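The values are calculated or read from the model by the stated rules, or taken from the named source; none is laboratory data. On a predicted model such as this, the values are computed, not experimentally measured, just so you know. No Cβ is skipped: glycine too gets one built from the backbone with ideal geometry, and neighbour counts run over all protein chains shown.
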């Protein structure tokens, strides 16, 4: 809940405010205040909805209420996160990532070694890491907001970026939700492992996309702008190379690693690998258009892609043809349509 709310609740303000700060040395005071107010409202809503979200489990409801407090500062922390990306502040950005991804894992291993690992201690370790990330983001935002000119709230860009994020978030998880609703747990298990494998293949590509934020900011409008096509080719090649290795391991040793229940894993991984390539290329283009503050085509393309995936899933369900492989094809179709729609809109604009 904390992650989903942090992704979709702040109406795209963190990214657009960070662009204001880096590109024009301006900042909307009311934009920052609005991000804080949204965090407060969302936090209260999550606390109120905790019993429903926890499906009646008192322990989970308590955890949701405790974690919801962090949403008060998440919006402002996200501004710092985006600003670190735009400035290429690798140390700050990696500190925020490490606090969320590395610190909790290390703490949990230590707790397990000393026999102190419980649901509560694991939860607190994870929450501590997320709290550190948000606080670093807030500190970075406040530190870099001094001396900036005041300006209005960039609602036009914010809402376009927000719509894109919402559609991409739903599309990125909608296939798994639909598969859970329409098939059995073993099928979902195969698909989840395949998603994990292809996500691992995109690691280098994701890093390159994140690093390109600062490059595009520095080069925007200049003759030395990085070659978008070259970057897209490098990103796609990295994902294909890593994915081919992972696919070979899954095909040769998948049953030994995961068990005979996962014998159908290789074709699902193969299809999702194509989707991963399309997603990584989309990510690079999304970075470039966001930095250029031309996010309208991104929002439209995301909406069209999601609509097509929903249509394909509906057809599969009507024909009782939903499986891990067919769902992978539905997701890949969404990625392809989204990218092609964006390219068509950009060509039409030119």
Could you tell me whether any residue of the stretch 246-259 is over 17 Å from the mean Cα position of the chain (by Cα), touching a residue at least 60 places away in the same chain (Cβ under 8 Å) and surrounded by fewer than 21 Cβ atoms within 10 Å (Cβ to Cβ)? yes
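Matching residues to (1) at pLDDT below 90; (2) touching a helix residue (DSSP H, G or I) at 6+ places or on another chain (Cβ under 6 Å); (3) outside any loop (DSSP other than H, G, I, E, B):
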residue	(1), (2), (3)
7	yes, yes, yes
10	yes, yes, no
17	no, yes, yes
42	no, yes, yes
45	no, no, yes
How about the stretch 179-192: which of its residues are crowded, with 21+ Cβ neighbours inside 10 Å and either within 21 Å of the chain's Cα centre (by Cα) or within 18 Å of residue 285 (Cβ to Cβ) (or both)? 179, 191
Among the listed residues 345, 298, which satisfies the condition of being crowded, with 19+ Cβ neighbours inside 10 Å, touching a residue at least 24 places away in the same chain (Cβ under 8 Å) and either closer than 30 Å to residue 23 by Cα or not assigned by TED's automatic domain parsing to the domain that holds residue 87 (or both)? 298
Check off (1) within 18 Å of residue 140 (Cβ to Cβ); (2) crowded, with 21+ Cβ neighbours inside 10 Å for residue 99 and give me the number that stays unchecked. (2)
Among the residues of the stretch 147-162, write down those that are over 25 Å from residue 70 (Cβ atoms) and surrounded by fewer than 20 Cβ atoms within 10 Å (Cβ to Cβ). 147, 148, 149, 150, 151, 152, 155, 156
Answer yes or no as to whether residue 151 is more than 22 Å from the chain's Cα centre (by Cα) and free of Cβ contacts under 8 Å to residues at least 24 places away in the same chain. no
Residues (surrounded by fewer than 20 Cβ atoms within 10 Å (Cβ to Cβ) and closer than 30 Å to residue 24 by Cβ) located in the stretch 38-72: 38, 40, 41, 72
Looking at 315, 284, 308, can you tell me which residue is more than 20 Å from the chain's Cα centre (by Cα) and either touching a residue at least 12 places away in the same chain (Cβ under 8 Å) or assigned by TED's automatic domain parsing to the domain that holds residue 84 (or both)? 308
Looking at the structure I just gave you, is residue 193 part of a helix (DSSP H, G or I), touching a helix residue (DSSP H, G or I) at 6+ places or on another chain (Cβ under 9 Å) and under 29 Å from residue 59 (Cα atoms)? yes
Within the stretch 107-122, is there a residue that is part of a loop (DSSP other than H, G, I, E, B) and in contact (Cβ under 8 Å) with a residue 60 or more places away in the chain? no
